[in-house]
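The numbers here are math on the coordinates, done by the rules we state, and not lab data. A quick note: this is a predicted structure, and the numbers were derived from the prediction, not measured. A quick note on method: Cβ atoms are made from the backbone with ideal geometry, for glycine too, and the neighbour counts reach across all protein chains shown.
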Amino acid sequence: MKTTRYIFSIALAVSVSGCGTINTVLRGDEVTRSNLKKWGTYCDSLPRVYSGVFYNLCILHGPADTVVKDLASPLLFPIPIIDSIPSGVLDTLFLPYTIYRQSADGSIALGH
């Protein structure tokens, strides 16, 4: 029973936090910039290919209090690490589209 509850908590936390791929591929570049600015990341740009995984890495590449900001983190385990797995799967599915966008538009400039 505890294992089921723990898995449910992790799944809920990932869905509440928002998938990196959804934030970078399905939403506009401005939303991505705004979200990463809110997290205080030190990243300057974000490649479009595997952007969901890189989005999560950018969140982790920020101030030391990143984990504290994410109140959905069970046991203070960073949600971006957990989210990198489903983001990697979705990034692979969107690969033809993101390769095209990377060649046409380049990386997403975060404007720091």
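Some notes on this structure:
- Modelled spin labels at residue 42 and residue 4, positioned 7 Å past Cα toward Cβ, are 4.4 nm from each other.
- Full extension of the chain between residue 81 and residue 93 gives 2.4 nm of extra length, using 0.36 nm per residue less the Cα-Cα distance.
- Proximity of backbone amide H atoms, modeled 1.01 Å from N, is registered between residue 108 and 46, 48 at under 5 Å, excluding neighbours fewer than 5 places apart on the same chain.
- Each peptide among 44-51, 99-106 gets the average number of other Cβ atoms lying within 10 Å of its residues, and from highest to lowest they stand as 44-51, 99-106.
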